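Have a look at the structure below, then the notes.
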Ligand code: ARG
């Protein structure tokens, strides 16, 4: 690999390394994407130096086959990638994203340490701060480090011989992969925190236990039903997506875990309510004494509401940031209006934006949205331990 050094002009370097036609084409494509990004960056931060920056990038690409974002470009790109996430209802605060620049980091151990620090900083004593940590990008001939987990904190799902699962069934494949890599497994509770699996360039995936002190969890209680605590439910405070690559101006950062705070329905309706997750509606309905012999009693709906009440109440009493779907729907429409005023389209996927509980009681239900797949963006590739599934 070639790095820029003094006394070596770009011209001599170009003559010295005769580019192949394939390189030429790839470089041209990358230069186009970089130019699109730099234009957008300078439109939002008008200032001097756009042409200089572009020619600098062009030189670096011709020399090395890649280019390096400035700290400002990286921060802006990560924020705009959030702004472009058409499935996310929480985008009003996209400007406040804390960007941790760990682009020098490629080793598995260092990546794991960076992730643990991310969790501590994002949690920040319960006042959760939207945060991203960006590790080394892909470069020609060398991939950046990649994290196998879909979130930094997830609960194991252990398959039982009878076909059932102890824990979170969504993570059963990952749990099996971790066990195969030598993870001894946890105590087999319904909430064993999975280890982190990091694949560094050119190395076998490495397994790291997540230190307890960066895993903040909330024990679930219900404001009106003391028995609810006996269910022994808990959930972690920080949702940190770790299996999506950040793409900015043609550069791909495969290791770029990002986190916000929870909206209650993600836990109360989906993680606990889905039949193929913790499947708790029948359990809660039974404890509530509901008549489950007929769908028409709406026992599922009533159980789901009480589960969601418990989630919001417990997070709030524990002093951990959380939001409800009514508030978040309104905020999303405020964000949309703000984007329109700025002359941008705000891509949105209705089926993801509308909350899974009481959809039509929120304003986002009653309208449609434009959608688009924009860059910068967060994109999901193939799953390393379940290659057939790339989207979830
Ligand atoms: N729905 C996912 C979960 O329940 C988290 C997705 C990201 N959510 C967020 N609020 N940033 O864990």
What shape does the chain take by its C-alpha gyration tensor, where a ≥ b ≥ c are the square roots of the eigenvalues and a/c under 1.5 counts as rounded, a/b above b/c as prolate, and the rest as oblate?
prolate
FRET efficiency estimate (nearest 0.05) - Cβ-Cβ, residue 252 to residue 224, R0 41 angstrom
0.25
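Return the percentage of antiparallel bridges among DSSP beta bridges fully within the range 237-392, rounded to the nearest 5 %. Could the numbers behind the result be given before it?
Numbers: 9 of 11 bridges.
Around 80 percent of the beta bridges assigned by DSSP in the range 237-392 are antiparallel ones.
Does the range 78-203 come out rounded, prolate or oblate, given a ≥ b ≥ c as the square roots of the eigenvalues of its C-alpha gyration tensor, rounded meaning a/c under 1.5 and, failing that, prolate meaning a/b above b/c? Show your work: numbers first, answer last.
Values: a/c = 2.00, a/b = 1.37, b/c = 1.46.
Note, shape of the range 78-203 comes out oblate.
I need the shape label for the range 115-264. Rule: rounded when a/c is under 1.5, else prolate if a/b > b/c, else oblate, with a, b, c from the alpha carbon gyration tensor.
Since a/c reaches 1.5 but b/c is at least a/b, the shape of the range 115-264 is classed as oblate.
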Take the Cα gyration tensor of the range 191-310, multiply each eigenvalue by 5, square-root it, and list the three semi-axes largest first, rounded to whole angstrom.
36, 17, 13
Nearest 10 degrees is fine. How inclined is helix 325-341 to the longest principal axis of the chain, computing both from alpha carbons?
30 degrees
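Let me have the relative contact order for the range 117-265, percent, based on Cα pairs under 8 Å that are six or more residues apart.
Values: 291 pairs, mean separation 47.5, N = 149.
Computed value for the range 117-265: 32 percent relative contact order.
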Pairing the Cα long axis of helix 71-83 with the longest principal axis of the chain, what angle in degrees results, from 0 to 90 and rounded to the nearest 10?
40 degrees
Folded to 0 to 90 degrees: helix 21-44 orientation relative to the chain principal axis, Cα:
70 degrees
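In deg cm²/dmol, rounded to 500, what helix-only [θ] at 222 nm does the chain give when every DSSP H run of at least 4 residues adds -39500 (n - 2.57) and the total is split over its residues?
Details: 10 runs with 132 residues, N = 392.
The helix-only estimate for the chain comes to -10500 deg cm²/dmol at 222 nm.
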Just to be sure I understand the model, the point goes 7 Å from the Cα along the line to the Cβ. What's the resulting residue 213 to residue 298 distance in nm?
4.9 nm
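Restricting the count to DSSP beta bridges whose residues both fall in the range 171-325, what percent are antiparallel, rounded to a multiple of 5?
Working: 11 of 13 bridges.
Roughly 85 percent of the DSSP beta bridges within the range 171-325 come out antiparallel.
How high is the relative contact order of the range 9-122, in percent, with contacts defined as C-alpha pairs under 8 Å that are six or more residues apart?
On the way: 42 pairs, mean separation 23.7, N = 114.
Worked out over the range 9-122, it gives 21 percent.
Among the DSSP beta bridges whose two residues both lie in the range 98-215, what percent are antiparallel, rounded to the nearest 5?
70 percent
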In nm, spacing of pseudo-spin labels at residue 345 and residue 366 (7 Å Cα→C-beta vector):
2.6 nm
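Relative contact order of the range 93-165, please, whole-number percent, based on alpha carbon pairs below 8 angstrom and at least 6 residues apart. Intermediate values should be presented prior to the final figure.
Values: 66 pairs, mean separation 24.0, N = 73.
Once divided by the residue count of the range 93-165, the mean separation gives 33 percent.
Just so you know, all these numbers are worked out from the coordinates, no wet-lab data involved. Because the structure is predicted, anything quoted here is derived from the model rather than measured. As a convention, Cβ positions derive from the backbone with ideal geometry for all residues, glycine included, and neighbour counts pool all protein chains shown.
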